[in-house]
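Asker: Have a look at this one before I ask anything.
The values are calculated or read from the model by the stated rules, or taken from the named source; none is laboratory data. Bear in mind that the values here come from a model prediction, so they are computed numbers and not experimental data. Quick reminder, even Gly has a Cβ in these numbers, built from the backbone with ideal geometry, and neighbours come from all protein chains shown. Areas reflect the complete protein model, heavy atoms only, side chains present, ligands, DNA and RNA absent. Shrake-Rupley method; radii C 1.70, N 1.55, O 1.52, S 1.80 Å.
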Amino acid sequence: MDTINRTMRFASHSLFRTLFFLVLINAGLLAAPLERSVSTSRQFIAYGADTPLRGAICDLAEKTKKNLLNILQRREEWKTPIILNLQFPQANVPDVPSVARYFSQTGSGLKLQLDLTVRADVDVVAIQRELLRAILLEMIYRRQPDLPAGSVYVEPPEWLVEGVLAAAPGQDRAPLVDALSPLIASNNVMPLEQFLRQQPALLDSPARLLYRAYSLALLQWLIDGSTGPSFLAAYIENLYHASNDPLLDLRAHFPAIAAADFDRVWKFRVAAIGSGRDYELLTFAETERRLKALLDQTVPSKKAADKSASLEQLMASKLSAVQARQLHQFDQQLMQLATTAHPVMRPIVAEYQEIVELIIKHRIQGVRARLVRLKSTRARLAERMDKIDDYMNWFEATKSSTRSGAFTGYLERAEKLAEPEFRRHDALSVYLDALEREFPN
């Protein structure tokens, strides 16, 4: 009996020690830090999945943020890190959503987490869209860290998300052009207010593509000019108290949309996207040539002796109805040129457009001096660009190991002209031609 009791006590002690060691092992496993990857800016911290996938998602997040910062012309200023929880699909949990975003107020500040289920047929654009939403959400509440718990958070506008994605370098805009072209041809462009009230989640695939084209047109309109990016950044930072009227919010931050003729300008911006001109920029020389042709076009003069009047002459008196109509057309032509102008010339074209609008309103104070300055600036730019072209040509001819192909046609033509148009075929001529080919020098 004693032997049985000792055996049972030994077995129970052994079982207790085994369970104790298992608890210690499990506790050690739970206490071990989870594997993670941190992006280059350290704003994105990815957990789960494997190292290559975590690195790829972090790189995609940094690329998406860099594109947005380039549009806004801003530097890195993030305050709240974004946690990325990555996982592969699991057979025992088939209903896990592909994307889940958690944004809340904690005792230590704001917490922003994005759960992503990465499937075999991964949609990179869909992941990039969710990353961009999280980045914009952090920007909206960056300066609002002490919001009360339970507050309703404002989502970034869908047009802004789609526009930024469409404006990314290397994007194929041909589908956007094809979607807009029939509407532009039939003069059936959607009004801006109606577009802003659309819900992309309820649209089918063709309508969503059209929504993205409109979004790109709106984004490019808002960031046009030297102050556009700063206005857009201020708009994003103030979205936390946005109203239910998206058009009213845009008018509060962008003077172009607050203008009376904003709908006319909106149609021109959409037409620029639909015609494919937005990404086919003109060269400096072509932009200058087209601008000069516009400035040289005739506007009827009030004096019978003069058939036409320049912009300087139009400031002398109030415009006639015909002159005002001509200048409105001139304003539209300058607006179209600005969408495709060389980046160096775009501010100059935009300033000419402002001057034309001032002349139409007969607000001519300081306009004459601006015209003189613009003419001088164009002359200096033309001289400098000629020098740059000469240097690049010299560099290609003497220093570069590769050829751009710009002179291929000229060289082929020169070689063709150097060959005699007529060659004799008698025995002596054939012999001399053979000697020339054998001993070219």
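Asker: Residue under question is A379, and the condition is that it be small (G, A, S), out of contact with any Pro (no Cβ under 6 Å at 6 or more places or on another chain) and modelled with pLDDT under 85; does it hold?
Answerer: no
Asker: Between residues in the stretch 359-375 that are part of a helix (DSSP H, G or I) and residues that are at pLDDT 85 or above and among the aromatic types (F, W, Y), which pairs lie under 9 Å by C-beta distance while being six or more apart or on different chains?
Answerer: L371/Y352; L374/Y352
Asker: Which of the following residues is loosely packed, with under 11 Cβ neighbours inside 10 Å and polar (S, T, N, Q): Q105, Q113, Q144, Q194?
Answerer: Testing whether each residue is loosely packed, with under 11 Cβ neighbours inside 10 Å and polar (S, T, N, Q) leaves just Q194.
Asker: Those residues that are over 20 Å from Q297 (Cα atoms), exposed (fewer than 14 other Cβ atoms within 10 Å of the Cβ) and among the hydrophobic types (A, V, I, L, M, F, W, C), I need them from the stretch 365-381; list them, please.
Answerer: Answer for the stretch 365-381, where residues must be over 20 Å from Q297 (Cα atoms), exposed (fewer than 14 other Cβ atoms within 10 Å of the Cβ) and among the hydrophobic types (A, V, I, L, M, F, W, C): just A369.
Asker: A follow-up question, please. What about R143, is it charged (D, E, K, R) and out of contact with any Leu (no Cβ under 9 Å at 6 or more places or on another chain)?
Answerer: Considered against the rule, which asks whether it is charged (D, E, K, R) and out of contact with any Leu (no Cβ under 9 Å at 6 or more places or on another chain), R143 comes out as yes.
Every residue, every condition in (1) modelled with pLDDT of 90 or more; (2) in contact with a strand residue (DSSP E or B) (Cβ under 7 Å, 6 or more places away or on another chain); (3) under 29 Å from W78 (Cβ atoms), yes or no:
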position	(1), (2), (3)
L132	yes, no, yes
M139	yes, no, yes
Q194	yes, no, no
D224	no, no, yes
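Asker: On to the next question. Taking the condition part of a loop (DSSP other than H, G, I, E, B), over 26 Å from the mean Cα position of the chain (by Cα) and in contact (Cβ under 8 Å) with a residue 12 or more places away in the chain, does P156 pass?
Answerer: no
Asker: Please find, among D204, D278, D263, the residue that is at pLDDT below 90 and either open to solvent by 50 Å² or more (accessible area, probe 1.4 Å) or in contact with a strand residue (DSSP E or B) (Cβ under 7 Å, 6 or more places away or on another chain) (or both).
Answerer: Going through D204, D278, D263 in turn, the sole match is D263.
Asker: Any residue in the stretch 168-176 that is exposed (fewer than 12 other Cβ atoms within 10 Å of the Cβ), without any contact (Cβ under 8 Å) to a residue 12 or more places away in the chain and over 24 Å from F268 (Cβ atoms)?
Answerer: Yes: the stretch 168-176 contains one or more residues that are exposed (fewer than 12 other Cβ atoms within 10 Å of the Cβ), without any contact (Cβ under 8 Å) to a residue 12 or more places away in the chain and over 24 Å from F268 (Cβ atoms).
Asker: It is to be established whether one or more residues within the stretch 177-187 are touching a residue at least 24 places away in the same chain (Cβ under 8 Å), hydroxyl-bearing (S, T, Y) and surrounded by fewer than 20 Cβ atoms within 10 Å (Cβ to Cβ).
Answerer: Yes, the stretch 177-187 has at least one match.
Matching residues to (1) surrounded by 16 or more Cβ atoms within 10 Å (Cβ to Cβ); (2) touching a Gly at 6+ places or on another chain (Cβ under 9 Å); (3) closer than 18 Å to V265 by Cβ:
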| position | (1), (2), (3) |
| --- | --- |
| S320 | no, no, no |
| Q326 | yes, no, no |
| D331 | yes, no, yes |
| L337 | yes, no, yes |
| V344 | no, no, no |
| E354 | no, no, yes |
| I360 | yes, no, yes |
| R363 | no, no, no |
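Asker: Here's something else I'd like to know. Considering only residues that are free of Cβ contacts under 8 Å to residues at least 40 places away in the same chain, in a loop (DSSP other than H, G, I, E, B) and either loosely packed, with under 14 Cβ neighbours inside 10 Å or among the aliphatic types (A, V, I, L, M) (or both), which ones fall in the stretch 229-255?
Answerer: Scanning the stretch 229-255 gives S243, N244, D245.
Asker: Failed condition for N70, given (1) open to solvent by 50 Å² or more (accessible area, probe 1.4 Å); (2) part of a loop (DSSP other than H, G, I, E, B), with all others met?
Answerer: (2)
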